[in-house]
Amino acid sequence: MKELSPLQIERLKYQPKLPESLKAGINKLVCVEKEKTEAVKDKEQIKELFKNTYGQSRVEFVSGSEAKASEVKNVGVILSGGQAPGGHNVVAGLYDALKQANPENKLYGFLGGPSGIIDGKYIEFTDEFIDKYRNTGGFDIIGSGRTKLETEEQFKKSLDVCKKLNISAVVIIGGDDSNTNAALLAEWFVAHDTGIQVIGCPKTIDGDLKNEQIEISFGFDTATKTYAELIGNIQRDANSAKKYWHFIKIMGRSASHVAVEAALQTQPNICLVSEEVEEKKMSLGQIVENMCNIICKRAEMGKNFGIVIVPEGLIEFIPEMKVLISSLNDLTHDLEKDEKYQNAQPEEKFQIIVSKLDENNGKLFMSLPTLIKSQLLMDRDPHGNVQVSRIETEKLLIEMIRTRLNELKAEGKYVGKFSDQAHFFGYEGRCAFPSNFDADYCYSLGFNAFALINFGLTGYLSSVKNLIKPANEWVAGGVPLTMMMNMEKRHGEMKPVIQKALIKLDGKVFKALDAMREECALNDRYLFPGAIQYFGPTEVCDQTTVTLQIEHQ
Ligand code: FBP
């Protein structure tokens, strides 16, 4: 039996590209201090909470001519949260830089996410072990998890484990919540004079951990290309059979970046944008009405088929649903230890919930299909968020659209036939082989994370910029984590968190989508991007996302 597929064998040989500055060698780098930073919002509160790590300067690396000796360092690495293509290359880049700096250095991997550092579960990386994972998708090299790292007890346990392994720096590879935890841990380690540094790396397929300094989170490129391939295939199918309306929910917990990027790559008939729904204060009924309009017009043209992209987080952005979900988040938290509620049958549970909701929320909750009611009550994630990937918004929309079309048919306003197919693309894209872009970007982020460690920095996020240019022109450096923070309500309390980047309606990316919507709705302008290509012409293999190109051109 074969142990590796032909693509696995070829990808293991791929040598990721590095920015010119990092290529010169880890011990030759010069750290250039840039401007001092401030939090994006709530400056005074963030400053008070991060007394030791607030207000640091942004840094950039350039190559120097002289190699400096580097003292022995042990580093620990954690993969945190949802998988994103390229995570293995962050670890490989970190490992290569660390060994290049001093072959005596050791890299430990904490197993199963942040809980690994708390429980002291780890492995030590070796060349042989790392080499098996280069340029592969997934986080299975050490596993991932969603344990929050935020309490005094967890920090103390982490410190004990670091002391035992003589670890002087920890790298946390994660999204906004995980990097918020990285910022808290960095602050705690400084406040307790431990000498242990903490560096974050920007990961998430959702693409919402970005700002002026972090152009994109890793994994977004590969995941969106994977979804775009699948959407293109469905478009061909729809255009061939001409009998189904396909409703495709696309992952992205909160922001609609993934849905919008996939839409720009494929040009479906309809792409909903959660941020637009929120800003225009659209109700569920209005969203359905707008979609029915398009379905009716297409039916008049004899087209009883089409493609709709639904961002995973949509439900939380519909103003009335947002209010309901926020009440349900608090309620389900309060009812966590209520045995009567926990043991109740679904219908009984709904009654208990309704009795605790105000009148409007109660009515809205009860108007939803049973399936959606149950899904809204499912367990929250460790950060207190409803798990939107488990709410079948695409089916909710289909059900409401079918009801409305029946009414329109009875009034003689709809002449078509509505047959639907529901899809959810999420997990399919999170562990794909990283695209060349993600393979290079991730390797650079990991390599650069060690450069930040080598310069004694803590509370920084590894940053690699200028990404629409070829990799040798990329700019490597670091961004203080506190710079991205503001205060937000979590579990009913105000907490410091990294601000999520949402789609801006006055931004270039949304405008590009909006400009093509009408044409796409009625006249089929489907694009078929095909599968990610790893070998071949650079204009096919090394192009990054449309979003990044529009934002930075
Ligand atoms: P991260 O923010 O941790 O990268 O995870 C994002 C994500 O992939 C979302 O798109 C999705 O809603 C969620 O993870 C699903 O989580 P889980 O893997 O726990 O089901």
Taking the stretch 170-195, which residues are open to solvent by 10 Å² or more (accessible area, probe 1.4 Å), of a type outside the set (Phe, Trp, Tyr) and in contact with a Phe, Trp or Tyr (Cβ under 7 Å, 6 or more places away or on another chain)? Glu187
Among Glu152, Glu229, Glu215, which is the only one that is over 21 Å from the mean Cα position of the chain (by Cα) and among the acidic types (Asp, Glu)? Glu152
Keeping to the stretch 421-454, report how many residues are within 16 Å of the ligand (Cβ to nearest atom) and among the acidic types (Asp, Glu). 2
Restricting to the stretch 262-280, name every residue that is farther than 16 Å from Ile318 by Cβ and within 16 Å of the ligand (Cβ to nearest atom). Ala262
With the structure loaded, tell me whether Phe139 is open to solvent by less than 20 Å² (accessible area, probe 1.4 Å) and more than 27 Å from Pro103 (Cα to Cα) or whether it fails that test. no
Near pairs, Cβ below 6 angstrom, 6+ apart or cross-chain, from the stretch 253-279 (farther than 19 Å from His423 by Cβ and free of Cβ contacts under 8 Å to residues at least 60 places away in the same chain) to any residue that is of a type outside the set (Gly, Ala, Ser) and away from the ligand (no atom under 16 Å from the Cβ): Val277/Ile318
Go through the stretch 322-362 and count every residue that is within 16 Å of the ligand (Cβ to nearest atom) and touching a helix residue (DSSP H, G or I) at 6+ places or on another chain (Cβ under 8 Å). 1
Which one of these does Val161 not meet: (1) outside any loop (DSSP other than H, G, I, E, B); (2) β-branched (Val, Ile, Thr); (3) closer than 23 Å to Ala432 by Cα? (3)
Every residue from the stretch 472-487 that is under 19 Å from Phe437 (Cβ atoms) and open to solvent by 10 Å² or more (accessible area, probe 1.4 Å): Asn472, Glu473, Trp474, Val475
For residues in the stretch 43-88 being among the polar types (S, T, N, Q), open to solvent by less than 70 Å² (accessible area, probe 1.4 Å) and modelled with pLDDT of 95 or more, which is farthest from the chain's Cα centre (by Cα)? Asn74
Scan the stretch 175-215 for residues that are in a loop (DSSP other than H, G, I, E, B), within 13 Å of the ligand (Cβ to nearest atom) and not hydroxyl-bearing (Ser, Thr, Tyr) and jot them down. Gly175, Ile205, Asp206, Gly207, Asp208, Leu209, Lys210
Which condition number does Ala39 fail, the rest of (1) part of a loop (DSSP other than H, G, I, E, B); (2) open to solvent by 10 Å² or more (accessible area, probe 1.4 Å); (3) over 17 Å from Val170 (Cβ atoms) being met? (2)
Report yes if some residue within the stretch 241-261 is more than 14 Å from the ligand (Cβ to nearest atom), farther than 26 Å from Gly507 by Cβ and in a helix (DSSP H, G or I); otherwise report no. yes
Note on Glu488: of the conditions (1) in a strand (DSSP E or B); (2) in contact (Cβ under 8 Å) with a residue 12 or more places away in the chain, unmet is (2)
Determine which single condition Thr547 fails, assuming it passes every other condition in (1) surrounded by fewer than 16 Cβ atoms within 10 Å (Cβ to Cβ); (2) at pLDDT 95 or above. (1)
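The values are calculated or read from the model by the stated rules, or taken from the named source; none is laboratory data. A quick note: this is a predicted structure, and the numbers were derived from the prediction, not measured. When we count neighbours, we look across all protein chains shown, and the Cβ atoms used for this are built from the backbone with ideal geometry, even at glycine. Ligands, DNA and RNA are stripped out before the accessible areas are found, and what is left, the full protein with its side chains, is counted by its heavy atoms. Shrake-Rupley method; radii C 1.70, N 1.55, O 1.52, S 1.80 Å.
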